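Working notes, structure below.
The values are calculated or read from the model by the stated rules, or taken from the named source; none is laboratory data. Bear in mind the structure is a predicted one, so any value in this text is a computation, not a measurement. Cβ: placed from backbone, ideal geometry, glycine included. Neighbour counts: every protein chain shown. The area values use the complete protein model at the heavy-atom level, side chains included, leaving out ligands, DNA and RNA. Shrake-Rupley method; radii C 1.70, N 1.55, O 1.52, S 1.80 Å.
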Amino acid sequence: MKKIFLETYGCQMNEYDSELVRGILTKDGYVFVQEETAADIVLLNTCAIREHAHRKVFGRIHKIRHKYKQRSNGDGDSLMIGVLGCMATNLRKDLLEDKALKIDFIAGPDSYKRLPGLIREAAGIGAKAFDTTLSEFETYSDVYPSRVQGVNAWVAVMRGCNNFCTFCVVPYTRGRERSRSVANVVEEVKRLAGEGFKQVTFLGQNVNSYSGEGGDFAALLEATSKVNGIERIRFTSPNPKDFPDDLLEVMANNPKVCKHIHLPLQSGNDRMLKLMDRFYTQKEFLDLVDKIRGYYPQMALTSDIIVGFSSETDEEFSDTAKVMQAVEFDAAFIFKYSERKGTIAERKFPDDVPEEKKTARIVQLVDMQKDISLKRNEAHIGDVCNVMIEETELTRSTDKFQGRTDGNKRVIVPAGAYGRGDFVKVKIQEATPHLLKGEYFYE
Ligand code: SAH
Ligand code: SF4
Ligand code: F3S
């Protein structure tokens, strides 16, 4: 029995894909190990979204080979290394040609069912085996992922992206949009409830653009919320362009659908938004936020921001800060623009904002957002929140549990007679920019 060590980088979709890969290879007789040094095969499920993600993987491959060499007192070549995920499609040529890396096989996000065959090919003939073909149809609706037991289960309901934002590599690494059927997702959610999961998080590169046999995203939320045993439904990442009224209505009125929307802004400046080929203007984004809060005033909102995109001036950058101030996101992930190979921006717009400027801009926004997050969190002090306990073994403190509110805020409570997946009422007493602290509340 061959032993596999699998490491995952990037977004939740990649985490989910790793569960698919575990499902596929376990069925084929492989076992998964926790230590890379105990493995015969190392699989890296990679991310290509920014230069940093990408460099990390190259560094990691060198390190693994080195470690293995030391262990085996040999050349380290009997260890097989396979690259999966978004770098696989994006950098297939570079990966195969890099002699120092010695990659044995490569599989893109739509080729995981071929992994058993690819591994055999690579082992048998010693030639590089690869399949990075992107599919218009593959949704893995017939593969049941091998999940780690917990309270939350990821479920990819659609894959791929058709938007081609000019800065983004995802449409090239993951191909075109395609959705599973409503019935197929409901079936998986029922099975998850049976296994004891309390929460499902629907995943997709544009999850709310979901359009499967049997309905749109609002219909999918409604259908899956009827599954007994599932208490919370979350989703990520939605795209601001697809928030029809019926979806907001379902979100506001269905108690199982969590009151949190991740709404990536990217930039608050109209010229930048156009250059990025996003589908909205500053005003349209702000109007959408108003509309969301009209349906549900307490809706938690988080966002993604890019600073230093091609030709962004100080003034244009300040529009992003203004929108962030106006909206007051609960949290925001802020990134420096990183030029990606093969994207429209790489071909058309120079990456010309100096690194120091990008750094100054990110620092400014991170600081600003910290204050906003603190203010948003402090507003909860005194509230009694419905919290689902998620962790009962925290690394830093043994006498505390961690849970989350409906709005996805982390809450620290004293350890109690509860288990993961239990719902408790918590009175919030303290807030930091990143979390809330409270005591159990008994009526
Ligand atoms: N599908 C989601 C985003 C997926 S990528 C959406 O459309 O909103 C996650 C985030 O990474 C993006 O929201 C963006 O902020 C960031 N990102 C993507 N490409 C990037 C690049 N080239 N440089 C820096 N950040 C990038
Ligand atoms: Fe990338 Fe834009 Fe697609 Fe999001 S919507 S994955 S940012 S191309
Ligand atoms: Fe990275 Fe691919 Fe996800 S590029 S962010 S792993 S979709």
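List of remarks:
- Total formal charge among the other residues, if their Cβ is under 15 angstrom from that of residue 246, Lys/Arg +1 and Asp/Glu -1: -4
- In sequence order, calculated HN-Hα J values of the range 190-195 (Karplus, 6.51, -1.76, 1.60; Hz; x Gly/Pro): 4, 4, 5, 4, x, 7
- Carbon + sulfur, % of accessible area of the chain - ligands and nucleic acids excluded, 1.4 Å: 50
- The spacing between the range 286-335 and the range 225-248, judged by their C-alpha centroids, is 21 Å.
- Rel. contact order, % - alpha carbon contacts under 8 angstrom, at least six apart, the chain: 10
- In percent, rounded to a whole number, the relative contact order of the range 171-221 is 48, using alpha-carbon pairs under 8 Å and six or more apart.
- For residue 307, the residues 5 or more places off, or on other chains, whose built amide H falls under 5 Å of its own are 335, 336, 337.
- The chain - share of DSSP beta bridges that are antiparallel (%, nearest 5): 35
- For the chain, the solvent-accessible area with a 1.4 angstrom probe is 44 square angstrom per residue.
- Gyration tensor verdict on the range 3-131 (Cα atoms; rounded if a/c is under 1.5, prolate if a/b is larger than b/c, oblate otherwise): rounded
- Of all lysines in the structure, those lying under 29 Å Cα to Cα from residue 128, and not within fewer than 8 positions of it along the same chain, are 2, 3, 27, 56, 63, 67, 69, 93, 99, 102, 113, 341.
- In sequence order, calculated HN-Hα J values of the range 149-154 (Karplus, 6.51, -1.76, 1.60; Hz; x Gly/Pro): 4, x, 9, 10, 10, 7
- Annotation: peptides 26-37, 311-322, ranked by per-residue average of other Cβ atoms within 10 Å with the highest first, follow the order 311-322, 26-37.
- Cα-based shape type of the range 202-348, given that a ≥ b ≥ c are square roots of the gyration tensor eigenvalues and the cut on a/c is 1.5: prolate
- Mean residue ellipticity (222 nm) of the chain, computed from DSSP H runs ≥ 4 via -39,500 (n - 2.57), nearest 500: -11000 deg cm²/dmol
- For residue 165, no residue 5 or more places off, or on another chain, has a built amide H under 5 Å of its own.
- For residue 205, nonlocal amide neighbours, meaning residues 5 or more places apart or on other chains whose placed amide H falls under 5 Å from its own, are 160.
- Each DSSP beta bridge with both residues in the range 133-257 is either parallel or antiparallel, and the antiparallel ones are about 25%.
- Converting phi to 3J(HN,Hα) with the Karplus coefficients 6.51, -1.76 and 1.60 and the offset θ = phi - 60°, the range 284-291 yields 4, 5, 4, 5, 5, 4, 4, 5 Hz in sequence order, with x at every glycine or proline.
- The range 89-160-the range 18-52 distance, computed between alpha-carbon centres (Å): 10
- Annotation: average projected area of the range 384-440 is 3.5 square nanometres, based on the convex hull of Cα atoms across all directions.
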